[in-house]
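The block underneath contains the structure these notes are about, expressed in structure tokens.
The values are calculated or read from the model by the stated rules, or taken from the named source; none is laboratory data. Computed from a predicted model, the values in this text were never measured in an experiment. Note that we place each Cβ from the backbone using ideal geometry, even for glycine, and neighbour counts take in every protein chain shown.
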Amino acid sequence: MKTTIYIHDSGLRHDTGFSHPEGADRLATILGLLKETPYDTLPQGKVTPAKEEQILLAHPLHYIDHIRDSIPDHGHAQIDADTIMSPGSWNAALHAAGAACSAVDDVASGKTTRAFCAMRPPGHHAESALSMGFCLFNNIFIGARHAQAAHGFKKVAIVDFDVHHGNGTDTMSRMHDGSIFFISTHQYPLWPMTGLEEDNDESVMNFTLPPGSGSEKFRSVYETKVFPALTRFAPDLLMISAGFDAHRLDPLAQINLESEDFGWVTERLCAIADASAQGRVISVLEGGYHLQALKESAAAHLRALANLKD
Ligand SMILES: [Zn+2]
């Protein structure tokens, strides 16, 4: 089953300033991984910047204009409590959303079956008209809506194993027509302090994990809750918000996973996609802030996604 990487150097020019956790060194780390065996065997797809009509599938025009108008001519601009932009951020944001759409196009045409979009800025915290938590546009939701609008996919599932709740994707999925199913596991309590199980409905299922949960609790929640719900929904396209900040070395959270847990969850998700979605899986990078942990976790994720042997 062919797996294609979508990565673009515009992500290296989204400069969030010295000591910001979501820095360009994250993308450089993944670029380094892709030069190593066996990851260097994975083909790279063409990343086309998102068109306005694609971003409009998730965000209103006034918000797109607001982001564009807030880009500084030089230096940095802070657009919310956590999100910093530089002159290169607009192009990076267009390519980050565009990578998800390019992957969708290639999966829809059969050019590839699986995809990993290694782009930044991340997206899952971006609300319809609000930037948040290092995110400008909600890349994965734009990709999911593009899959429906341009290619006629009926049921898209988004599984989010980033350690933070994907609040933006949650809200957008709830507001949509039920054809996009969002399932998130995340640490609670932890910023953004949303995503409680009591709010679960037909289109959104959240499962919280307390600090210190570790591999066993994480795997148990997937075995008993996430996989059965996903199997019942039977998506024709599975997308993954792949954040690697649930790793035990990550400085922003305390779920304490090992790198291999990301391989395990990816392998199981791919098996569900094999059953209902002809194997189609599109993974989109979100968080992960310890560079060595990011590298090892992304490696485990890619080995499972592409069925690579060490
Ligand atoms: Zn995160």
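When every residue of region 77-99 is checked against the conditions, at least one turns out to be of a type in the set (S, T, N, Q), within 16 Å of the ligand (Cβ to nearest atom) and touching a residue at least 40 places away in the same chain (Cβ under 8 Å). Within region 261-310, restricting attention to residues that are away from the ligand (no atom under 16 Å from the Cβ) and of a type in the set (S, T, N, Q), the residue that is nearest to residue 160 (Cα to Cα) is 266. Selection within region 10-37: residues that are surrounded by 13 or more Cβ atoms within 10 Å (Cβ to Cβ) and of a type in the set (Ser, Thr, Tyr). The member of this set that is farthest from the chain's Cα centre (by Cα) is 16. Within the option set 199, 170, 236, being surrounded by fewer than 21 Cβ atoms within 10 Å (Cβ to Cβ) and farther than 24 Å from residue 5 by Cβ holds for one residue only, 199. Of all the residues in region 226-250, those that are assigned to a loop (DSSP other than H, G, I, E, B) and either within 11 Å of the ligand (Cβ to nearest atom) or at positive phi (or both) number 6. One residue stands out among those in region 120-159 that are more than 15 Å from the ligand (Cβ to nearest atom), of a type in the set (Lys, Arg) and part of a loop (DSSP other than H, G, I, E, B): the one that is farthest from residue 179 (Cα to Cα), which is 154. When residues in region 282-310 are screened for being buried (at least 20 other Cβ atoms within 10 Å of the Cβ) and modelled with pLDDT under 95, 0 of them pass. Restricting attention to region 100-114, and to residues there that are farther than 19 Å from residue 49 by Cβ and buried (at least 19 other Cβ atoms within 10 Å of the Cβ), which single residue is nearest to the chain's Cα centre (by Cα)? Out of the qualifying residues, it is 114.
Of everything in region 202-233 that is of a type in the set (A, V, I, L, M) and farther than 13 Å from residue 157 by Cβ, the residue that is surrounded by the fewest Cβ atoms within 10 Å (Cβ to Cβ) is 221. Residues in region 160-185 that are aliphatic (A, V, I, L, M) and either farther than 20 Å from residue 137 by Cβ or within 12 Å of the ligand (Cβ to nearest atom) (or both): 163, 183.
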